[in-house]
Structure formats: C-alpha cells, structure tokens
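Here it is, the structure in full.
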Amino acid sequence: MQKAAAGSEAAVTVLYHRYSRPLFRYFFRMLWKDKSKAEDFLHDLFINIMEAGEKFDSGRSFSTWIYSIAHNMCKNEYRKQAFRLAVNGHHHPEESLPEVAMHPLDEQMFHLLLDKCLAHEQEEVRTMFVLRYELEMNVPEISRIIGCPEGTVKSRLFYLKKRLAAQLQQYKVMLER
Amino acid sequence: MEKIDKLEKLLRTCSYAELSVEQRREISEYVNSEEEYESMRLVNQHLESENSRSLPLAPSPEVLKRIKGHVRSTSSVGLWNWLSLPVPTYATAAIAIAVGVGCWWAGSSRKPQPTLVEKTERIVDTVYLSSRPDTIFIDRVVYIPKKEAAVAGVTDIGNQPTVPTSRGISMKEKEELERLLVSGLR
C-alpha cells in the first residue's frame, strides 16, 4: 500500500488485481447495477487510496479500510441522488417483478425478488447484505467497515431475511392462485 | 444475539419438521409460523449460494489503464514535490549545527601554512673609500674685491706707496676646503 501511495505502478497493479473484482461487484450492486458508474467509482476509489495513502493506519486491516472508503463513497452518492430526486423528481428505475412470469421460484425469480426487496432497504442494510452474501465477509469485518456493533449487523441481516421470506410467501400465494 | 445465532444455525441445518418442541418454542420469538420458517430457510439457501452463483462481474481493462495513467502523471510531478515539503524548525537547526561543526572540523584538521612576511631592515655602517677621488670639486670660491677707492684717498695724505691690501683665507675656510678635498663631496 505504501509503495502504491508512493507512485509505484507495479504496486498499484497488484492492489488492483487483488481488490478490483470484489469492489466492482460491491459498487455494481450498490449503485443500481450501473456498470459504467461502478467502473467510475472503482477508478475514483483507487485514486483516493493512492492520494490518501499516508492516512492508512498499518495496524488496521487494509481490506477493512478500502471497503470503508467504498462504503463512504456510496453514502455520498446516495445523498447526491436524494438531492437530485428532490430537485428533478428523477430516480433510478427499480427492477420490478414481471407480471406474466408466474413460474415456480427459480434463481432468476429469486433474484428479482431480492432486488425488489433490497431496493426498499436502507443503504446501510444493503451494504451489509452485499458485504455478507456477495463478498462473503464475516460479521466482525462488516461491523468494522460500517462502524456499528456486531450485534446490530447480525440482527439487521436477520430481519432482512425475514422481510425477504415475507416477499417470498406473497409470491408463493400469487403462484397458488 | 445468541438466540439469533442459534436460529441461523437451525435454519441452515433443520427443517421445521425436524425441530424439537423445545427448539420450536425457542424460535417462536422470531418466527411466527411454519411457512415463515420454511421461507426463511429457502431464502437462506439462496443467499448462501449467492456468491458461487453470481455472474462473473469484472471491470473493463480500461479502468486499470486510467488508474495507471493517473499514477504516471502524478509520479512525474511528484519528483519535485520534495521541494515544497515543510521542514520542521528543529531539522533546520540540526542542519545548521551540522554544517557549522563540519566546517570547524574541516578547518581544524588542515595545518596552517607559514606566512612569509618580507621585512626590510636598514643597517647603517661606516663606508670607507678605498681610492682617493680623482675629481675635486670646490664648493666655494671666495672673491675678495680690491679696495681701490680707499687706496686712492690714502696716497694724497701720506705720500706713501700704497700697498694693496689683500685678505687671505681664514683658517676655518681652509679647513673646510681641505675637508672637501678629502671627501670629494660637493
């Protein structure tokens, strides 16, 4: 990290190959599945960590630090988006359930349900979900990234699952009719 | 939190039918019905396989190129960045002391070169002339005018022949003349 901050191109490349994929997935999931936006955020994140390299505490986990920055970038983007929404009334289109797709619950259907449910969740819960289930991080690491107690992470993830289950039940009821 | 951990474990391992009465009583705090439990179990299974099932998402190679371009542009500027770095006062003082000590040490280790001072000394001594001077200069010529007028007046009175009076050189003048002859000085 220190070499990358000092301007070593090789060090930057190593860091990029190690972290770009999971970070890109994180941004992709958090930023309304917008690929170009996710790429822009990934680029900006690497520029940020190189410029703020001296702020990195070597006693901390680098992974936690980099995801904390990514989390803050997403929070800022949500704030900007909320402002745009207030001014223009424009918002990102939510992925909606196809009305005609009344087939048994498959992977695709589950993900549509999941996306619909996540779209209504708070930004913090969405972050927890992506970190836990997409990037397979453990609860202590997530709590360090977001900056909240482990118990909060566990209970929020549990209640998210509960809400998803409720959506699933509704869908099943629709199928049975 | 222990209850949630226990419930998560049960969701992963047991169906509702497999739960004991005691376990059903424990989970009833969080789960209202068998349907809800089974739905949560299904969600759990899907989520557990979320990462392995996810589409292989990767950023385009352009992103890395852009980052490298940025690194190159900043590192070329950064070569001269040290000039604008703030230097603490103690560092400046330490450098000044080090330079002073270094100069003093370098000066003391070199032997001083002897300085040559030219001193002219005037010695006055007696000079003896080895040969007599061949040229004699006479500095003073004494002309003594004749007292003719006086002589004419005297002839009338005494009818005595007038003896022209001539004055000779005094002893002092003679001495001076002789000294001149010996030294040869003008």
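One line per residue, one yes/no per condition, for (1) at pLDDT below 85; (2) of a type outside the set (Asp, Glu); (3) part of a helix (DSSP H, G or I):
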position: A:Phe24; (1), (2), (3): no, yes, yes
position: A:Trp32; (1), (2), (3): yes, yes, no
position: A:Ala38; (1), (2), (3): no, yes, yes
position: A:Leu42; (1), (2), (3): no, yes, yes
position: A:Ile49; (1), (2), (3): no, yes, yes
position: A:Glu54; (1), (2), (3): yes, no, yes
position: A:Ser58; (1), (2), (3): yes, yes, no
position: A:Trp65; (1), (2), (3): no, yes, yes
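Exactly one condition in (1) within 14 Å of chain B (Cβ to nearest Cβ); (2) more than 21 Å from the chain's Cα centre (by Cα); (3) at pLDDT below 80 is false for A:Ala101; which is it?
Of everything listed in (1) within 14 Å of chain B (Cβ to nearest Cβ); (2) more than 21 Å from the chain's Cα centre (by Cα); (3) at pLDDT below 80, A:Ala101 misses just condition (1).
Would the stretch A:129-152 turn up any residue that is at pLDDT below 80 and loosely packed, with under 14 Cβ neighbours inside 10 Å? Before the answer, list the steps.
Within the stretch A:129-152, the subset at pLDDT below 80 is none.
No, there is no match, as no residue in the stretch A:129-152 is at pLDDT below 80 and loosely packed, with under 14 Cβ neighbours inside 10 Å.
Let me ask something else about it. Scan (1) at pLDDT 85 or above; (2) crowded, with 19+ Cβ neighbours inside 10 Å for the single condition A:Ala4 breaks and write down its number.
That leaves (1) as the condition not met.
Moving on. Can you name the residue in the stretch A:67-90 that is at pLDDT below 85 and over 14 Å from A:Glu123 (Cβ atoms) and is also surrounded by the most Cβ atoms within 10 Å (Cβ to Cβ) among such residues?
Taking the stretch A:67-90 and keeping what is at pLDDT below 85, we get A:81-90.
Restricting the remaining residues to those that are over 14 Å from A:Glu123 (Cβ atoms) gives A:83-84, A:86-90.
Details: A:Phe83: 10, A:Arg84: 13, A:Ala86: 8, A:Val87: 8, A:Asn88: 8, A:Gly89: 7, A:His90: 9.
This residue is A:Arg84.
Considering only the stretch B:13-120, give the helices (runs of 4 or more DSSP H) lying wholly within it that have at least 3 residues that are more than 14 Å from chain A (Cβ to nearest Cβ) and either farther than 30 Å from A:Lys33 by Cα or modelled with pLDDT under 75 (or both).
Because the criterion is at least 3 residues that are more than 14 Å from chain A (Cβ to nearest Cβ) and either farther than 30 Å from A:Lys33 by Cα or modelled with pLDDT under 75 (or both), the helices (runs of 4 or more DSSP H) in the stretch B:13-120 that meet it are B:21-27, B:89-109.
I'd like the full set of residues that are more than 8 Å from chain B (Cβ to nearest Cβ), more than 22 Å from A:Val125 (Cβ to Cβ) and touching a residue at least 24 places away in the same chain (Cβ under 8 Å), limited to the stretch A:6-47.
Matches in the stretch A:6-47: A:Ala6, A:Leu15, A:Tyr19, A:Asp44.
The values are calculated or read from the model by the stated rules, or taken from the named source; none is laboratory data. What you see is a predicted model, and the numbers here were worked out from it, not measured in a lab. Please note: Cβ atoms are built from the backbone with ideal geometry, for glycine as well, and neighbour counts cover all protein chains shown.
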